[in-house]
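> Below you'll find the structure I mean.
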Amino acid sequence: MSSPAPTTHLDGKVALLTASSRGMGRQNALEMASRGADIAANYSSSAPAADVVVDSIEKLGRQAIAIQADISQSGAIANLFEKVYEHFNRINIIVSNIRVKSFGHKSRPVLGSKAAVEAFVRCLAHNMDDKRITANCLAPGGVKIDMYVEAARKYIPGADDWSDEKVEEVVSHFSPLGRVGVPEDISRVLVFLVSDNGFWINGQVLTVGGGAVA
């Protein structure tokens, strides 16, 4: 008898997403909920925004909770996991949403830290081999979220006085596809990775940036 076909649906899964009250984290939470996952939405300080995310997920027919935690503190991380287990009794998927890509001349220290994250993901994938847990890293290019124009203007040389429209026009040319990324471009790839269809991808860093070169 053949095995059931893999799927990108997340029915019955519980996903914990850090920094998910706004921006890319918010979009990832909503996309995963739309595919059937129940969501634990972590936030640091923006409780009203997190409540909006929870309300939006519940309108999709899924369960959701918002949990405040400063994930730079190990004790807060442990407490975060305890609260998710108390509410859902399991965690199937963990998504660590971190900061946006940096551009150009001021990005060297940031790029160094991202290299450490990439190496960590590869090591984590090997350490989880006996548990059938995969670990991957998404490396987005520029994405139009709330911090996008501010970040681009900060890191593109000479862009301090540019209008928002000029910033977007210039950055759109970084990609051969001629546009700036949108949150859905990233969240759809994420859903694939954490679904049954993405199981054979493990220990990888996937650049999702429309072929952009900055």
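Bear in mind these aren't lab numbers, they're just calculated from the coordinates by the rules spelled out. These numbers come from a predicted model, not from an experiment. Don't worry about glycine lacking a Cβ; one is built from the backbone with ideal geometry, like all the others, and counts go over all protein chains shown.
> Output the relative contact order of the chain, whole-number percent, from Cα pairs under 8 angstrom with separation of 6+ residues.
Answer for the chain is 23 percent.
> Given a cut-off of under 8 Å on Cα pairs at least six residues apart, what relative contact order in percent is computed for the stretch 26-81?
With pairs under 8 Å counted, the relative contact order is 35 percent.
> So which of K59/K131; K13/K59; K114/K154; K13/K131; K83/K154; K59/K154 end up more than 28 Å apart, counting from Cα to Cα?
Checking Cα-Cα distances, K59/K131; K83/K154; K59/K154 exceed 28 Å.
> Now for a different question. Helix 183-194 versus the longest principal axis of the chain: what is the Cα-based angle in degrees, 0 to 90, to the nearest 10?
40
> Please state the charge dipole magnitude for the chain, taken about the Cα centre, from unit charges on C-beta atoms (+1 on K and R, -1 on D and E), reported in debye and rounded to the nearest 20.
Result for the chain is approximately 420 debye, rounded to the nearest 20.
> Relative to the longest principal axis of the chain, what angle (0 to 90°, nearest 10) does the C-alpha long axis of helix 74-88 take?
The angle comes out at about 50 degrees.
> May I ask for the angle, rounded to the nearest 10°, between helix 47-59 and the longest principal axis of the chain, with both axes built from Cα atoms and the value confined to 0 to 90°?
Long axis of 47-59 versus the principal axis of the chain: about 60 degrees.
> So what is the 222 nm mean residue ellipticity for the chain from helices alone, if each DSSP H run of at least 4 adds -39500 (n - 2.57) and you divide by all residues, rounding to the nearest 500 deg cm²/dmol?
Calculated at 222 nm, the ellipticity per residue is -13000 deg cm²/dmol.
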